[in-house]
Amino acid sequence: MLKIAFLTLGCKVNQADSASMELLFRKAGHAIVPFTDAGADVYIVNTCVVTNTGQQKSRQMIHRAVRKRADAVVAVTGCYPQTARDEVKAIEGVDLIIGTQDRHRIVELVEAAVARKRGGADGTADGAGTAAGPDDEVRPWDGQVLFEEMAGGNEEDKTRAYLKIEEGCNQYCAYCIIPYARGPVRSRSLESIRAEVEKLTAAGYQEVVLIGIHLGCYGQDKQDGTTLYDAARAALSVPALQRLRLGSLESVEVEPRLLDLMQQDSRFCPHLHLPLQSGCDKVLRDMHRPYDTAKFAALLRDIRAKVPGIAITTDVIVGFPGETDADFAATCDFARQCRFAKMHIFPYSMRRGTPAAERKDQMPEPVKKERAEALAAIDREMQQAYFQENVGRTVRVLVEQPVRAARGGADPHKVEGLAENYVRVELPGDASLCRTIVPVKITAAGVDKCEGERL
């Protein structure tokens, strides 16, 4: 039995990938231990490259893993080795690199790397370690790539399971490295979605979140008319499922019948995360986004008409090359019009190999920071307004954890969790409520969450 330690950076899809790999190791008889464990046999770093910060953090964590224990195997997987394989191979002390393919083979690949480092099958340690360089299992993309059917769920948290049903992206936005890191669109089968939701609910998960790299493109590769609507129906066909939520998808991919399903089935959470990226049409064109502000605004009107009270959250990039003060002002004005429940704000990060990185009109870092702070102030206003709209409403809260006490530790008399419409709610109660869904009346709007009373 090997002791395996994971460290995961980046998005929810990465987290889901790590949870799936952890399950494979458990099924093979190995133990999962914290990354802080200095006695692990294997350290696996699941990397991120969506921004410069993510890539730098990935390198730091790889170096940290190498320093943990001289005879431990260090494996690096994810987007970093897929997009910069030689750079990762050059890091001294790395024993195995795997890209964003073949994660279903992680156990056999790690076991082979352990045998190699310890001297081979006969167990005669020769101290070779990584002298010949790491085992390189990174494969370039080709037309034969298929969706990796791996199980979902996280053994340590039975509250909410992230189920990856789509991988890859064909959109190639001007700023984004992810299509190069994750390859073309491919989709989990409807039968597999239903089977996985059945397993997750049987294991005690109250909510399942369907996620993907380009979730709204689910089914495109099947070329038979299958869409995200069908995936949602497959998940909701499991009677034991209490709540279904969608991850991020493009506004132009929100089908009317998907909204109809959300309206008809109370288990389908009224929350959509629709990345805007910019509220300026010129910048949207430069980004190669598939809509303009008029189309985005019309879609929001249609969504809110069909699903009143829905939470709409978004992503916005500030400081894209060539973004003028007037362009940024347009983004601020448009964001206010959209009345988002929450904005995730990202300063533009230059990614080598993307069209935007070749532009000569890059914005200075102080300008990006200033604009991010200005937009964050608008975000706080909009979030507070959305919280106020919810005061007096009755919601169903999936209780996740005890509230943190002022001096650290847990407050034994208060818990918190997410309502179906993505409002975080704090309410009286103890740890026995965790992993249950309770009806709550929202009584007050706080700064980052609302307060409520259990009904």
Inset, instruction - Return, in residue-number order, each cysteine of the chain whose C-beta is not under 4.7 Å from any other cysteine's C-beta. - result: 11, 48, 79, 169, 217, 269, 280, 332, 338, 434, 450
Legend entry - FRET E, pair residue 326, residue 302, Förster distance 25 Å, beta-carbon r, rounded to 0.05: 0.30
Inset, instruction - Name the aspartates and glutamates eligible as straight-distance cross-link partners of residue 368: C-alpha to C-alpha under 20 Å, and not fewer than 8 places from it in the same chain. - result: 281, 286, 315, 323, 325, 327, 333, 358, 379
Legend entry - Sequence ranges 394-402, 445-453, 276-284, ranked by mean other-Cβ count within 10 angstrom, highest first: 276-284, 394-402, 445-453
Inset, instruction - Any chance you could get the radius of gyration and Dmax over the Cα atoms of the stretch 235-283, in Å? - result: 13.7, 47
Legend entry - Rounded, prolate or oblate (a/c below 1.5 giving rounded, otherwise prolate when a/b exceeds b/c) for the stretch 1-146 by Cα gyration tensor: rounded
Legend entry - Pair-distance profile P(r), taking every C-alpha pair of the stretch 196-272, with 10 angstrom steps and integer %: 19, 53, 26, 2
Legend entry - Which label in [x] 59, 31, 24; [y] 36, 28, 22; [z] 45, 23, 19 gives the computed semi-axes √(5λ) of the Cα gyration tensor in Å: [y]
Inset, instruction - Pop out the carbon and sulfur fraction of the accessible area of the chain as a percent, whole number, probe 1.4 Å. - result: 50
Legend entry - Stretchable slack from residue 191 to residue 443, in nm (0.36 nm times residue separation minus alpha-carbon distance): 86.5 nm
Inset, instruction - Take the alpha carbon gyration tensor of the stretch 384-455, find the square roots of its eigenvalues, order them as a ≥ b ≥ c, and report rounded if a/c is under 1.5; if not, report prolate when a/b exceeds b/c, else oblate. - result: oblate
Legend entry - Inter-site label distance for residue 288 and residue 136 at 7 Å from Cα along Cβ, in nm: 2.7
Inset, instruction - Could you tell me which of the pairs 306/342; 3/89; 12/89; 3/414 are separated by over 29 angstrom between their Cα atoms in the structure shown? - result: 3/414
Inset, instruction - Please sort 255-264, 193-202 by packing, taking for each peptide the average over its residues of neighbouring beta carbons within 10 angstrom, highest first. - result: 193-202, 255-264
Legend entry - Global size of the stretch 325-455 as Cα Rg and Dmax, reported in angstrom: 19.4, 59
Legend entry - Surface/4 of the Cα convex hull for the stretch 133-254, nm²: 9.5
Inset, instruction - Would you check the accessible area of residue 35, probe 1.4 Å, heavy atoms only, in square angstrom rounded to 10? - result: 20
Legend entry - Binned Cα-Cα distance frequencies in the stretch 352-410 - 5 Å width, integer %: 4, 12, 9, 10, 15, 14, 11, 8, 10, 7, 1
Legend entry - With eigenvalues of the C-alpha gyration tensor scaled by 5 and rooted, the stretch 268-351, Å: 23, 13, 11
Legend entry - Accessible-area value, residue 303, 1.4 Å probe, nucleic acids and ligands omitted, Å²: 0
Inset, instruction - Please give the calculated 222 nm ellipticity per residue for the chain, where each DSSP H segment of at least 4 residues contributes -39500 (n - 2.57) and the sum is spread over every residue; nearest 500 deg cm²/dmol? - result: -10500 deg cm²/dmol
Inset, instruction - Using a cut-off of 9 Å between beta-carbons, work out the net charge of the residues near residue 283 (Lys and Arg +1, Asp and Glu -1, residue 283 not included). - result: -1
Legend entry - Accessible area per residue, Å², the chain with all protein chains present, probe 1.4 Å: 43
Legend entry - the chain: antiparallel DSSP beta bridges as a percent of all, rounded to 5: 35
Inset, instruction - Can you find, among 330, 350, 74, the residue farthest towards the positive end of the dipole of the chain? Put +1 on the C-beta of Lys and Arg, -1 on that of Asp and Glu. - result: 330
Inset, instruction - Starting from the Cα gyration tensor of the stretch 33-82, multiply each eigenvalue by 5, take the square root, and state the resulting semi-axes largest first in whole Å. - result: 21, 10, 9
Inset, instruction - Determine the dipole magnitude for the stretch 142-232: charges of +1 sit on the beta-carbon of Lys and Arg, -1 on that of Asp and Glu, nothing else is charged, the reference point is the Cα centre, and the result goes in debye to the nearest 20. - result: 160
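The values are calculated or read from the model by the stated rules, or taken from the named source; none is laboratory data. Predicted model only: the values in this text are computed from it and were never measured. Glycine gets a Cβ as well: all are built from the backbone with ideal geometry, and neighbour counts include every protein chain shown. The area values use the complete protein model at the heavy-atom level, side chains included, leaving out ligands, DNA and RNA. Shrake-Rupley method; radii C 1.70, N 1.55, O 1.52, S 1.80 Å.
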